[in-house]
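What follows is a single structure, written as structure tokens, with notes after it.
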2 protein chains.
Amino acid sequence: MAKDQLPSRSENFAEWYNRLVLQSELADYAPVRGCMVVRPYGWTLWENITAALDSRFKATGHVNAAFPLLIPKSFLEREREHVEGFSPELAIVTIGGGEVLEEPLVVRPTSETIIGHMYAKWIKSYRDLPVLINVWNSVVRWELRTKLFLRTTEFYWQEGHTAHATPKEAEEETLRMLDVYADFAENEAAVPVIKGKKSESEKFAGALHSYSIEAMMGDTRALQAATSHNLGDNFSRAFEIRYLDQDNNLQYCWTTSWGLSTRFVGAIIMVHGDDQGLILPPRLAPYQVVIVPIFKDEAQRSQVMEQIEAIQRQLGDFRVKLDDREGITPGFKFNDWELRGVPVRIEIGPKDVEKGTVALARRDRPGKAGKQIVSQENLAAAVAHLLDDVQNSIFERAKKFMDENTHRVDDYEDFKEVVKSGWAEVWWCCDADCEAAIKEETKATSRCIPLDQDGGSGVCIHCGEKADQRAIFARAY
Amino acid sequence: MAKDQLPSRSENFAEWYNRLVLQSELADYAPVRGCMVVRPYGWTLWENITAALDSRFKATGHVNAAFPLLIPKSFLEREREHVEGFSPELAIVTIGGGEVLEEPLVVRPTSETIIGHMYAKWIKSYRDLPVLINVWNSVVRWELRTKLFLRTTEFYWQEGHTAHATPKEAEEETLRMLDVYADFAENEAAVPVIKGKKSESEKFAGALHSYSIEAMMGDTRALQAATSHNLGDNFSRAFEIRYLDQDNNLQYCWTTSWGLSTRFVGAIIMVHGDDQGLILPPRLAPYQVVIVPIFKDEAQRSQVMEQIEAIQRQLGDFRVKLDDREGITPGFKFNDWELRGVPVRIEIGPKDVEKGTVALARRDRPGKAGKQIVSQENLAAAVAHLLDDVQNSIFERAKKFMDENTHRVDDYEDFKEVVKSGWAEVWWCCDADCEAAIKEETKATSRCIPLDQDGGSGVCIHCGEKADQRAIFARAY
């Protein structure tokens with residue numbers, strides 16, 4: 001596909017997103033409705049995300065394991081809210097090995113139930129606690145309206161599942177992992193987020209309460225970028241996950257679960273991208289640097305390529321792509337790698353060879369403003385510095401955008417205006433009926449009740465009842 | 001479970017295996033028949049296997065991607081042999097989102113078909129070739145007789161799928177990946193293997209021909225440890241995977257696929273394990289070193305723990321586990337870590353504190369023979385040396401065992417004896433009926449026709465027809 005088919009973001013944000021995902025070869029539509037193929041460029045981005053998260057999980061004491069894809073249907077029915085939440089979305093295996101199964105199996109929509117079953121078997125005593133396990137896998141939820149990365153029938157994620165001796169430890173774990181997600185989002189993906197508690201109607205099916213990190217996309221809509229759930233003793237009671245405490249009394253465990261999915265790739269696209277295409281955060285980009293050689297004839301080519309070899313050796317610590325495709329102009333290559341969001345581009349032509357220089361272009365500032373001529377000596381230091389600068393600049397830009405488009409209003413008419421093109425941070429009574437009415441009237445939902453509150457109190461933006469907390473309302477993905 | 005429940009290998013190899021997998025906490029039975037849960041200790045081993053393979057795949061130019069779990073049933077029917085091979089093993093989703101699906105979806109048993117469909121869409125010209133993609137995922141094949149790691153309804157693996165312009169390139173790729181597997185098996189897992197071609201009846205359903213690496217387990221039975229398939233143009237014709245060559249002619253691609261699964265964990269257990277439990281190869285072991293403190297009172301404890309802290313700092317480059325569990329004797333810990341196969345154990349007690357020493361025990365030589373007292377100075381070098389030595393020693397031991405139990409025989413009566421407790425390497429006509437008769441009469445199947453042949457010719461061990469190649473026959477897992 002030619003790049004000029006990409007519409008501008010202001011023209012049609014949704015179409016800009018869909019075409020960009022396809023044209024940059026992050027993902028493609030699968031032949032099964034609602035499913036996606038994650039292409040190598042997109043999967044490498046996801047691998048970098050998983051590596052950054054996995055090291056944080058391990059640093060906080062977690063280990064990985066694997067649980068089956070297929071779950072007996074009856075397992076889902078043991079926790080009332082859980083079954084109500086997930087039943088409409090299930091893919092169900094009814095035939096196995098040529099025979100109709102006695103009990104149908106569901107393709108996991110999430111693994112609380114089967115993991116709960118195993119924990120009940122493994123956990124005997126307080127000495128076995130806490131159990132801190134994470135799983136990298138894919139899950140299936142039958143979706144009617146799908147969108148690549150944001151909402152697909154099968155998606156990739158990690159799901160952490162922990163069991164603790166006390167409700168206090170479970171709550172601490174839930175908040176610890178929320179912090180891990182926020183740290184990852186801001187420091188690896190350069191995506192600013194608000195940490196907060198979900199409302200009753202937005203919480204996970206079966207949770208005591210849920211927390212999320214919420215990010216503002218380039219069209220000001222909100223995206224729930226990761227969630228962390230305190231499951232209380234709901235699943236422990238449903239699956240009999242119990243332990244003998246130090247006084248030899250049988251106690252229920254307190255469990256948590258938390259997840260971040262390939263949805264986050266959608267956040268990276270929509271937070272940072274511009275009309276030229278993707279802008280990938282240097283810490284996660286599949287290629288941090290692309291080198292484009294410029295020459296007119298074979299003599300120039302061999303001079304340029306010789307210096308590129310030396311440059312590649314010097315840049316051994318970075319993820320570097322040399323674009324040595326033949327029969328394609330440098331201009332085409334510039335556009336191509338801009339579309340694909342490579343943070344830094346190195347151009348080198350005959351004049352650079354002569355002067356011992358290269359042109360260094362930063363993706364987040366297209367055109368001349370983002371281009372500088374630097375010496376080939378100490379190029380590694382210049383590239384390291386520039387990558388850091390891009391990482392910080394795109395974070396600051398996104399933060400500014402989020403701040404500028406978040407408004408505190410006290411009047412419902414103002415609220416209705418604000419949520420058309422931004423977030424409203426307003427006093428709210430936290431009542432479910434009140435939330436439903438707001439959604440009906442404005443299409444905005446409560447995204448979260450930020451953990452960071454100024455204190456004080458006010459009256460609910462909708463019903464006028466007393467309210468102790470501000471919540472963020474926005475239209476959401 | 002107590003360790004003394006583990007039977008000896010000579011007593012009951014199958015039961016030794018089953019109990020060892022459970023007691024060492026590598027895996028557990030899942031509530032769905034034939035499925036397994038891979039516990040953290042087993043999954044960490046698998047993660048180390050994946051890392052060693054993945055770096056080899058990337059070094060040979062491959063990239064990772066992800067394809068959907070659910071495949072339209074009609075896709076499997078496009079390649080005749082493929083559908084015949086896999087139909088009896090399918091798990092089929094017939095209900096999605098509460099409704100009966102128009103076309104049932106199969107849970108992937110392998111991904112040639114859906115990947116073929118996507119390749120047909122992506123590949124246009126010779127410039128797009130070769131396509132070298134690998135996938136890490138799980139697949140489902142309905143199995144009647146299952147065994148943890150060796151044969152489970154769902155198993156974890158990687159599947160490589162490549163497309164090439166010529167049959168020659170496809171064959172080169174197929175053999176390249178066979179070499180990658182053999183290199184991994186021997187140099188990372190210390191598992192000696194024979195590289196060879198599969199017979200017509202043992203090849204992959206839909207392949208032109210298949211290659212495998214075969215390993216000898218501790219009971220002399222063979223295990224197919226990885227396979228690499230040249231698919232010819234079978235899948236290209238079924239899915240219309242075509243490219244325009246340099247002369248603008250439309251040509252079919254030539255494809256390959258290759259895989260290694262969690263089955264390989266079973267090979268590691270059965271090749272190296274002894275009556276005390278697992279012996280894990282140092283390069284892949286979740287923990288390479290376990291430290292067991294020895295003390296009688298609090299004063300001793302604090303002295304010992306202080307030196308252990310210094311030792312841990314010194315051993316920062318290794319995967320080290322400190323077993324500081326309370327209320328458990330050192331002897332119990334020794335047995336526990338022997339069962340779990342940690343290659344090197346460090347014991348440190350009050351006398352060691354005094355003398356600045358530790359006791360260093362190697363798992364592959366239990367008892368006094370494998371124990372030495374070494375200085376705490378340069379402990380890191382001593383540990384590195386010992387880990388290398390364990391890695392080499394267990395490979396040599398396994399190689400010797402395989403060689404000693406592989407016999408060249410020319411008489412069918414001798415053959416029948418040999419395959420009761422070893423491998424037979426014999427002249428064979430390669431005829432399918434001949435193979436079926438041998439299997440019927442001896443329970444041995446052709447494992448592979450080794451690539452490494454001495455030359456010459458002889459007469460088939462069974463039918464007496466002229467034979468140009470020797471094949472390995474054995475009872476197999």
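Might you let me know whether region B:7-16 holds any residue that is small (G, A, S) and closer than 27 Å to B:L132 by Cα? The answer is no; no qualifying residue exists. Only residues that are at pLDDT below 95 and either hydrophobic (A, V, I, L, M, F, W, C) or in contact with a strand residue (DSSP E or B) (Cβ under 8 Å, 6 or more places away or on another chain) (or both) were counted across region A:436-455, and they come to 1.
Among the criteria (1) assigned by TED's automatic domain parsing to the domain that holds B:A299; (2) closer than 22 Å to B:D317 by Cα; (3) crowded, with 17+ Cβ neighbours inside 10 Å, the one B:Q391 does not fulfil is (1).
Pairs are defined by a Cβ separation below 7 Å, a sequence spacing of at least 6 or placement on different chains, a first member in region A:20-32 that is under 22 Å from A:D336 (Cβ atoms) and within 11 Å of chain B (Cβ to nearest Cβ), and a second member that is at pLDDT 95 or above and part of a loop (DSSP other than H, G, I, E, B); the pairs so defined are A:E25/A:R39; A:L26/A:R39; A:A27/A:R39; A:A27/A:L148; A:A27/A:F149; A:D28/A:R39.
Of everything in region B:307-352, what is touching a residue at least 40 places away in the same chain (Cβ under 8 Å) and either among the charged types (D, E, K, R) or on the phi > 0 side of the Ramachandran plot (or both)? Give them in sequence order. Of everything in region B:307-352, those that are touching a residue at least 40 places away in the same chain (Cβ under 8 Å) and either among the charged types (D, E, K, R) or on the phi > 0 side of the Ramachandran plot (or both) turn out to be B:D317, B:K333, B:D336, B:E338, B:R340, B:G341, B:R345, B:E347, B:D352.
Comparison of B:A424, B:A369, B:A380, B:A398 shows that the only residue that is in the same structural domain as B:G331 (by TED's automatic domain parsing), surrounded by 14 or more Cβ atoms within 10 Å (Cβ to Cβ) and aliphatic (A, V, I, L, M) is B:A380. Taking the listed residues B:A398, B:A380, B:A474, the one that is small (G, A, S), in contact (Cβ under 8 Å) with a residue 24 or more places away in the chain and out of contact with any strand residue (DSSP E or B) (no Cβ under 8 Å at 6 or more places or on another chain) is B:A380, with no other qualifying.
The numbered conditions (1) part of a loop (DSSP other than H, G, I, E, B); (2) surrounded by fewer than 18 Cβ atoms within 10 Å (Cβ to Cβ); (3) in contact with a Phe, Trp or Tyr (Cβ under 8 Å, 6 or more places away or on another chain) are all true for B:P286 except (2). Considering only residues in region B:5-55 that are closer than 16 Å to B:R263 by Cβ and among the hydroxyl-bearing types (S, T, Y), the one that is surrounded by the fewest Cβ atoms within 10 Å (Cβ to Cβ) turns out to be B:T50. Scanning region A:56-110 for residues that are polar (S, T, N, Q) and surrounded by fewer than 22 Cβ atoms within 10 Å (Cβ to Cβ) gives A:T60, A:N64, A:S74, A:S87, A:T94. Scanning region A:446-465 for residues that are within 26 Å of A:H229 (Cα to Cα) and touching an Asp or Glu at 6+ places or on another chain (Cβ under 7 Å) yields A:S446, A:R447, A:C448. Taking region B:324-408 as the region of interest, the helices (runs of 4 or more DSSP H) fully inside it that hold 2 or more residues being of a type outside the set (G, A, S), under 27 Å from the mean Cα position of the chain (by Cα) and farther than 16 Å from B:I291 by Cα are B:379-404. Would you point out which residue out of A:V106, A:V100, A:V83 is hydrophobic (A, V, I, L, M, F, W, C), out of contact with any Pro (no Cβ under 7 Å at 6 or more places or on another chain) and modelled with pLDDT under 95? It is A:V83.
The values are calculated or read from the model by the stated rules, or taken from the named source; none is laboratory data. Nothing here was measured: the structure is a model prediction, and the numbers come from that model. Please note: Cβ atoms are built from the backbone with ideal geometry, for glycine as well, and neighbour counts cover all protein chains shown.
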